[in-house]
Structure formats: C-alpha cells, structure tokens
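Since the structure comes first, as structure tokens, the remarks are kept for the end.
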There are 2 protein chains.
Amino acid sequence: MHDDIRLKGFKQFTPIDEVLALLDKKIKIMPIEKIKTISALGRIIASDVISPIDLPHFPRSAMDGYAVRSKDTFGASLRAPKHFKIIDKIKINETSNKIVKENEAVQIPTGGPVPEGADSVIKFEDTKKNDDYIEVYFPISPFKNVAKKGEDVKKDEIIISKGTIIRPQELTLLLACNILEIEVYKKPRVAIVPTGSELVEIGEKPKIGQIIETNSYSIASLCQIYGADPTRLGIIKDDEKLLADILEQALKYDIIIFTGGSSVGEYDLIPYLIKNRNDSEILAHGISMRPGSPTAIAIVRDKPVFCLSGYPVAAMIGFETFIGHTIRKMMNAKRLDPRPFVKAVLKRQIPSRLGRRDFVRVKLTFDKEQKKFFAEPIRSSGSGIISSVVRASGIIEISEDLEGIDKNEEVIVKLYLPR
Amino acid sequence: MHDDIRLKGFKQFTPIDEVLALLDKKIKIMPIEKIKTISALGRIIASDVISPIDLPHFPRSAMDGYAVRSKDTFGASLRAPKHFKIIDKIKINETSNKIVKENEAVQIPTGGPVPEGADSVIKFEDTKKNDDYIEVYFPISPFKNVAKKGEDVKKDEIIISKGTIIRPQELTLLLACNILEIEVYKKPRVAIVPTGSELVEIGEKPKIGQIIETNSYSIASLCQIYGADPTRLGIIKDDEKLLADILEQALKYDIIIFTGGSSVGEYDLIPYLIKNRNDSEILAHGISMRPGSPTAIAIVRDKPVFCLSGYPVAAMIGFETFIGHTIRKMMNAKRLDPRPFVKAVLKRQIPSRLGRRDFVRVKLTFDKEQKKFFAEPIRSSGSGIISSVVRASGIIEISEDLEGIDKNEEVIVKLYLPR
C-alpha cells in the first residue's frame with residue numbers, strides 16, 4: 001500500500017482560486033497555425049490583425065439617388081426648390097468620369113462610387129425629375145448618404161486584436177479587408193481517459209454493479225464547445241500498470257483528463273501514480289468545492305493532467321471550473337469563461353458551508369412583465385443524478401465566504417450552451 | 001419596366017411580429033432522421049425520448065464505506081458506539097451474495113451495489129475498524145449515501161421531450177440510458193445567393209465601385225450557429241434571367257436567402273421576379289425595422305425565400321430576426337431564439353421612431369461591484385459599417401411603441417455567439 005490518505009479522507013482542500021492561479025503559472029500557450037478565414041468561425045486570433053486596405057476603398061453611396069455638392073442644396077425649400085442638371089447616370093459597377101460642379105448631379109445607385117466634386121447623395125424619393133433636371137426641396141449636409149473612404153476601416157489599422165474569438169462579424173470583416181488567411185492558436189488536443197473496473201462501453205448491457213461509461217462523451221462535448229479537440233482513449237480498469245501505460249500514451253496530447261479514480265478510495269490510483277513520477281507536480285488533490293472535492297490536478301511533463309470525479313455532474317462542473325479555463329488560457333482567449341451569465345432572483349434559500357464553493361444547478365425563468373430572471377434550485381441533486389443537469393439552465397456558484405444565499409437575493413447564473 | 005414601386009420608395013412597411021406570424025403559418029416542419037447519439041450535440045430532438053431502463057439499475061453506494069441497516073445505527077453515539085460485524089467485502093465490479101442482517105456490515109466501494117438487507121452506507125472516515133468489526137458513532141438515516149434504483153430515471157419515463165436541443169448533459173443522459181440512436185429533425189439546407197453586379201469574389205482586388213462579397217459568409221456562419229446547413233450559390237449579377245435561373249435551382253433547398261437586390265432601386269429585381277411567378281406569395285416587402293427595412297420575405301413553392309439587404313449589418317439583423325426564427329421553427333425547437341439575453345442599464349440615450357423597431361448595436365460591460373451590466377450604444381453605426389458589429393457584444397431592440405430609450409433605463413440585450 002502507498003503512503004497516502006486513502007480511506008482516511010482528505011487532510012486539506014485547496015481553494016479554487018488558488019488552484020487556478022497555480023494552473024495559470026504552469027500553462028503553456030499553444031503554437032500558432034495559419035488557417036483559411038472562411039473556416040475560422042469560433043477560433044481564437046493569435047496576433048493582432050492589421051487591414052491592408054481602406055474599407056470602403058472609395059466614397060460609396062448609401063442610397064439610390066443623385067450625387068451633388070451639398071453646399072448647392074443650402075437654401076432649398078418646398079417653395080423655392082433648387083435645380084440640378086443631371087450630367088451623368090451610372091449603373092451599378094460603373095464609375096462616372098465626370099466631375100460634379102455647381103448645381104450638377106450624377107445619378108448613382110446604392111453602393112455606387114460618389115464622383116469627384118460631389119460630397120453627398122440625395123435620395124430619389126426626395127427629388128422630382130423634369131427631363132434632365134431634378135428639383136431638390138431641402139438642404140442636405142456634407143457626406144449625407146455617403147460612406148467615406150476608410151470610414152469602416154482605415155488602412156494599417158488594427159481591426160481585430162489577439163485573443164478575440166471569431167464570430168460571424170469578425171469573419172466578415174476579415175474577408176471584407178481581403179484577409180483570406182489568419183493566424184489562430186491551434187486547438188489543444190485533449191486525451192480523455194475514463195477509468196474504473198465497473199465501467200462498460202455504451203451499448204453493452206451492464207450487470208448489477210456495472211455502469212455505462214458516459215463521462216468521456218460529456219467531457220468530449222464540452223471540449224468541442226470550449227474550442228478544443230477531444231480524443232477518447234478507451235476505458236481503463238483500476239490497475240496500476242494499465243493506468244501508468246495509458247498516462248504515458250496520453251502525454252502526447254496537450255491536456256489529459258481522467259474521469260473516476262481521483263478520490264481517496266482503495267481504487268483511486270491515479271493521483272498516486274502521478275505523484276510517484278519524477279516529472280510531475282500535483283497542484284491540488286482535494287479542492288474546497290462541492291461537488292467535485294476529490295478532483296486532482298497535476299502537471300506531468302509540462303502537460304496539465306486533470307483527474308475528475310467519476311460522478312457525471314461533478315465531472316462536468318470540474319470541467320467547467322478548471323479545464324474550460326485551461327483550454328481558453330492555452331489559446332490566450334480574452335474571455336476565459338465563454339459561458340454567458342445573467343443576474344437572477346433566487347426563488348428558494350440555499351444553504352452552504354463557509355470555506356467551500358458550492359455549485360448549484362438552477363432552472364431559469366424570465367418574467368417579461370418584471371423584466372427579471374428567476375432561478376429555482378433543482379432538488380435531489382446528488383452529483384450522480386444526470387437528469388438534474390438536464391433540468392437545469394445553468395449554475396450558481398456560492399462563494400467560499402457565504403453560508404448560503406437567502407430567498408429573493410440576487411445571484412449570478414452561468415448558462416449552459418448550446419441553447 | 002415592371003409595374004412596381006421601384007425608385008418611388010415603399011408604400012407601406014409591415015411590422016415584424018406580423019411578418020413572423022405570417023411565416024409561422026407557412027413554415028413546414030423538417031423531416032425526421034435517426035442519428036447516433038454520440039454525434040447529436042446541438043441537434044433538436046424530434047420525439048419524446050423514453051428510457052428503456054431504470055437509472056441506476058441497482059441501489060448504488062455514493063461512498064466508500066459499509067452497507068448496513070440504518071435502523072441498527074439508531075442510538076449510536078461517541079460514548080456508546082454500535083458495533084457491526086463485517087460479513088463481506090466487495091471490490092469494484094463485484095456484488096455480494098450475502099444478505100445484511102442485524103448489526104452486520106458489508107464493505108463496499110463508491111459505485112458498488114448495496115447488498116440485500118442493507119439500506120444505507122456509512123462512510124469509512126466515520127467508522128473505526130477493529131479486526132472484523134467496525135464501530136459506528138452516530139445514527140444514519142435510511143438511504144443515506146445510497147442512490148436508489150431508478151432515482152435518476154425511472155423505466156418508461158420521458159427523459160427528454162420533443163423540441164429540446166441536445167447539450168452535453170442530454171447527450172450523457174441518453175447514453176446512460178443506453179439510447180444509442182435518436183430521432184432528430186433534419187437540418188434545414190439553406191441556399192445562400194449573394195446578388196449584385198458590383199460584387200467580386202474574396203481574394204479578387206475590387207476596382208472603384210466594386211465590393212468584395214462577404215454577406216454569404218456571414219450568413220453561412222449564422223446558419224451554422226442556428227443549426228442549419230448552408231450552401232453558397234455563387235455571385236449572381238443583377239440580371240433577370242440569371243436571377244430567375246438561380247432561384248429555380250435554389251428551390252431544391254429548404255430555405256433560400258438572397259442578399260442584395262431587395263430594395264426598390266432599379267437593380268432590385270428579386271422581389272419582382274418572385275411576385276411574377278404563379279407559385280409564390282410575397283409575405284412582406286418593406287418591413288418596419290431599422291436597419292433592414294427593404295427586406296422581402298416570400299413563400300415560393302412552399303419554401304421560405306428571404307431577400308436580405310446587401311448591407312452587412314442589415315443582412316445579419318435580418319437573419320437574426322427572421323431566418324434564425326424560421327430555422328428553429330422548422331425544427332420545432334422550444335426556444336426559437338437561441339441567443340442568450342441579459343438585462344443592462346443603458347449608458348446613453350437612444351432616439352428612435354414610433355412604429356418602427358430599431359436594432360441598436362451595443363457594447364456590454366459588467367460591473368462586478370454593482371452586479372450590473374451596462375450597455376453602451378455604438379456610434380457611427382451605418383448598416384454598411386462592419387467594424388461596428390465587431391465592437392458590439394449584442395443588440396438592443398427598441399420596440400415599435402417607443403420613441404427612444406432614455407439614459408439609465410433598463411434594456412434587454414441579446415448576445416452574439418460564440419463568445
């Protein structure tokens with residue numbers, strides 16, 4: 001038997017923020033890769049992006065209308081309209097080579113280039129046409145209905161900064177600036193190793209005492225949502241040799257996640273295996289949180305290794321608290337926790353213990369009249385009860401310095417994705 | 001020239017809610033397909049899912065400890081401990097064939113099956129062992145540390161209802177119930193047709209008057225986020241024949257989106273093409289919204305057809321308002337708008353016009369001390385200015401019955417994804 005705390009309980013629990021700070025010191029940033037912009041949705045930009053062009057690259061009309069010198073419209077009124085001679089008419093995808101002079105107008109379409117001399121565009125609907133003249137009934141200001149050259153983006157301007165996630169709008173702006181390739185951080189490759197002699201593969205019929213292994217699939221789904229690239233490495237039985245071998249194999253990945261075997265029971269071998277290596281450092285084993293207190297986190301050969309609880313709910317919370325953070329930190333993301341959060345009124349009092357962070361599943365409802373969210377804690381929430389997370393919209397974290405939260409107090413709810 | 005309103009402006013604008021109601025009447029639900037549960041993240045369940053098993057399928061210990069009859073612990077105290085004889089010890093993945101009788105205990109691991117006779121488990125740490133006896137110092141209640149058979153899910157219970165999106169937790173619960181395949185709605189296939197003679201492909205160098213076509217890429221990204229399957233069908237010039245041909249081709253898809261050419265300018269041909277077919281119905285052309293008022297929506301041969309503004313920002317807002325709704329409605333989703341939303345305090349007054357819904361891009365900040373979001377409207381927000389959406393966290397909708405919103409008022413902000 002090892003010199004350990006197994007069957008005796010944890011001697012001490014490390015606070016979550018301390019664990020995250022330790023992790024942050026050890027995390028290595030992922031290498032950079034160049035990818036096509038059109039495939040970059042959801043990726044994280046690895047270096048500030050500078051526009052090679054002005055956008056738009058010419059003064060562009062925002063309306064179908066007439067390009068004029070705005071000053072020539074000054075003084076126009078219904079009773080005393082101003083008259084403009086139509087000197088040219090351009091179609092879409094054409095440019096006028098005329099220069100607009102006093103009381104002259106060029107008819108242009110939406111998106112058309114405003115010709116030299118003109119500084120503004122008056123809408124069709126606001127004019128009346130007589131042969132090759134238009135009547136204008138009110139003055140327009142300079143640059144009215146015109147997008148100036150470079151108004152959207154100026155050449156050499158930083159348009160998207162490092163650490164930004166690419167949403168549809170970032171993708172669009174990059175393409176509009178003719179940036180077809182961009183540098184992003186490689187996705188961390190994550191090895192997921194479910195452990196436990198009681199586990200059977202999905203599709204098998206479990207005997208009494210056996211459990212269908214599902215944690216690897218929930219963790220893989222979370223990896224996808226957080227932007228990592230998961231691989232499942234079989235089910236490993238509670239056997240030191242097998243576990244040591246799979247750990248060695250898993251160290252080829254950027255992040256290693258074990259589920260099960262992290263506590264202090266007789267079969268909780270992984271933290272001890274790690275401890276006995278000469279290239280490892282345990283950052284925490286036993287964390288002051290609930291659920292998930294048996295979680296162990298280590299660095300082995302510079303790679304973060306997480307030993308999550310075998311309980312499905314605790315495993316998910318362990319992921320969201322530590323691994324999501326690690327994945328995003330490895331990609332230098334500005335926002336380390338991508339979960340949206342809302343403020344809500346708590347519908348029922350929740351007790352908790354000082355010195356421990358409690359994670360409580362809640363169902364959220366929105367009251368349209370009061371314009372308020374209400375959060376209802378989900379009862380019967382043992383961390384083995386998967387249906388409790390299915391009923392939940394999100395999670396409340398009760399901080400270490402609180403002894404519970406009263407009914408009607410305001411809380412922050414972190415939302416599950418996708419919705 | 002057609003008998004139309006081109007170059008004269010819209011005669012009337014349909015309110016958004018009216019358009020959505022018209023759409024809802026016409027939308028056909030997608031067919032159902034059976035897919036593997038492990039690949040179902042983000043898909044929408046097409047029929048209520050019933051569990052074929054109890055979960056757990058045996059009474060399961062939540063702790064490493066001793067299975068006992070709880071009533072035998074009653075009266076135990078530090079001064080008068082109760083003694084239990086260890087009659088068996090099971091390892092993980094084993095079951096005991098012993099029946100636990102008065103003052104007997106079976107040592108079991110976390111996840112182990114609670115043997116017959118016993119109803120509760122007392123933790124190792126709470127006992128003291130002497131040879132084959134343990135001492136117990138306090139009473140435990142029935143079912144303490146035991147997940148009863150069927151506690152999570154009962155056989156034949158509906159575990160996930162139709163219209164639910166599959167998050168990591170739904171995926172996990174399905175697998176835990178040994179449901180390896182599920183019925184989901186097929187993803188609507190979306191044809192995206194960017195139109196305009198002024199458009200050039202990404203990578204080309206646009207001349208004065210030309211524009212790089214990017215709307216199709218932003219719309220395709222949004223389709224992915226909303227759960228549809230986009231295909232881009234070239235760039236089509238403003239030519240009636242070409243447009244008529246591509247529309248015919250696009251009608252093989254479930255949803256058809258044109259960008260550009262939807263307004264009332266000389267080159268805005270698509271709504272007129274649609275109107276002149278004998279298998280079409282225009283639901284709206286001209287919508288009381290800003291940006292996006294020239295949007296046209298039609299049903300052609302039972303397929304919804306959307307003509308979005310060519311302006312990038314207006315096209316995105318048109319998508320979020322009508323097409324996102326349509327995609328989700330076609331899949332019977334419970335939540336038609338998947339965007340998370342938060343309540344925020346407006347940092348600056350925004351004017352708007354009665355009878356029109358205004359969409360205002362805002363940057364959101366969270367004040368940790370006040371536990372409040374603040375929304376800062378983004379200035380210089382012409383609907384051609386892509387960088388304005390890049391700076392935005394989300395959108396405020398100013399409803400038709402308001403003339404603007406004052407500074408410090410509370411507003412709802414719909415958030416952009418991914419974060």
- Query: Which one is nearest to A:Gly112 (Cα to Cα) among residues in segment B:403-419 that are buried (at least 17 other Cβ atoms within 10 Å of the Cβ) and at pLDDT 95 or above?
  - Reply: B:Tyr416
- Within segment A:187-205, work out how many residues are among the acidic types (Asp, Glu) and surrounded by fewer than 24 Cβ atoms within 10 Å (Cβ to Cβ). 2
- Message: Checking A:Glu369 against (1) assigned to a loop (DSSP other than H, G, I, E, B); (2) in contact with a Pro (Cβ under 9 Å, 6 or more places away or on another chain); (3) surrounded by fewer than 19 Cβ atoms within 10 Å (Cβ to Cβ), only one condition comes out false. Which one?
- Response: (2)
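Tell me yes or no: at least one residue of segment B:89-106 is part of a strand (DSSP E or B), surrounded by fewer than 17 Cβ atoms within 10 Å (Cβ to Cβ), free of Cβ contacts under 8 Å to residues at least 60 places away in the same chain and not aromatic (Phe, Trp, Tyr).
Within segment B:89-106, the first condition is being part of a strand (DSSP E or B), and the residues that meet it are B:89, B:104-106.
Next, only the ones that are surrounded by fewer than 17 Cβ atoms within 10 Å (Cβ to Cβ) stay: B:89.
Retained after the next criterion (residues that are free of Cβ contacts under 8 Å to residues at least 60 places away in the same chain): B:89.
After this cut, where a residue has to be not aromatic (Phe, Trp, Tyr) as well, the list is B:89.
There is at least one residue in segment B:89-106 that is part of a strand (DSSP E or B), surrounded by fewer than 17 Cβ atoms within 10 Å (Cβ to Cβ), free of Cβ contacts under 8 Å to residues at least 60 places away in the same chain and not aromatic (Phe, Trp, Tyr).
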- Message: Regarding segment B:298-307, can at least one residue be identified that is modelled with pLDDT under 95 and not hydroxyl-bearing (Ser, Thr, Tyr)?
- Response: no
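Output yes when any residue across segment B:262-270 is aromatic (Phe, Trp, Tyr) and closer than 30 Å to B:Pro340 by Cα, and no when none is.
Our first condition is that a residue be aromatic (Phe, Trp, Tyr); within segment B:262-270, this holds for B:267.
The next check asks that each one be closer than 30 Å to B:Pro340 by Cα; those that pass are none.
No, segment B:262-270 contains no residue that is aromatic (Phe, Trp, Tyr) and closer than 30 Å to B:Pro340 by Cα.
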- Tell me, which strands (runs of 3 or more DSSP E) wholly within segment A:149-212 include 1 or more residues that are more than 30 Å from B:Pro109 (Cβ to Cβ), among the aliphatic types (A, V, I, L, M) and more than 9 Å from chain B (Cβ to nearest Cβ)? A:158-160, A:181-185
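Please state which one of A:Arg379, A:Arg361 is at the interface with chain B (Cβ under 10 Å from one of its Cβ atoms), under 30 Å from B:Ser51 (Cα atoms) and of a type in the set (Lys, Arg).
A:Arg361
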- A:Ala46 passes all but one of (1) within 14 Å of another protein chain (Cβ to nearest Cβ); (2) surrounded by 21 or more Cβ atoms within 10 Å (Cβ to Cβ); which number fails? (1)
- Note on the structure: Note on segment B:321-359: residues without any contact (Cβ under 8 Å) to a residue 60 or more places away in the chain and of a type in the set (Val, Ile, Thr) are B:Ile350
- Criterion (under 16 Å from B:Arg290 (Cα atoms), crowded, with 20+ Cβ neighbours inside 10 Å, of a type in the set (A, V, I, L, M, F, W, C) and free of Cβ contacts under 8 Å to residues at least 60 places away in the same chain) met by exactly one of B:Val362, B:Val390: B:Val362
- In segment B:382-399, what residues are in contact with a Ser or Thr (Cβ under 6 Å, 6 or more places away or on another chain) and either more than 11 Å from chain A (Cβ to nearest Cβ) or assigned to a strand (DSSP E or B) (or both)? B:Ile398
- Quick one: in segment B:61-71, which of the residues that are more than 7 Å from every other protein chain (Cβ to nearest Cβ) and under 39 Å from the mean Cα position of the chain (by Cα) is surrounded by the fewest Cβ atoms within 10 Å (Cβ to Cβ)? B:Met63
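State all residues of segment A:107-121 that are within 16 Å of B:Gln210 (Cβ to Cβ) and not in a loop (DSSP other than H, G, I, E, B); if no residue qualifies, say none.
Scanning segment A:107-121 gives A:Ile108, A:Pro113.
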- Applying the selection to segment A:117-162, what residues are exposed (fewer than 14 other Cβ atoms within 10 Å of the Cβ) and either touching an Asp or Glu at 6+ places or on another chain (Cβ under 7 Å) or over 28 Å from B:Ser262 (Cβ atoms) (or both)? A:Lys128, A:Asn130, A:Asp131, A:Asp132, A:Pro142, A:Asp156, A:Ile158, A:Ser161
- Members of segment A:251-284 that are of a type outside the set (A, V, I, L, M, F, W, C), at pLDDT 95 or above and closer than 27 Å to B:Gly112 by Cβ: A:Thr259
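The values are calculated or read from the model by the stated rules, or taken from the named source; none is laboratory data. In this text, all values refer to a predicted model and were calculated from it rather than measured experimentally. When we count neighbours, we look across all protein chains shown, and the Cβ atoms used for this are built from the backbone with ideal geometry, even at glycine.
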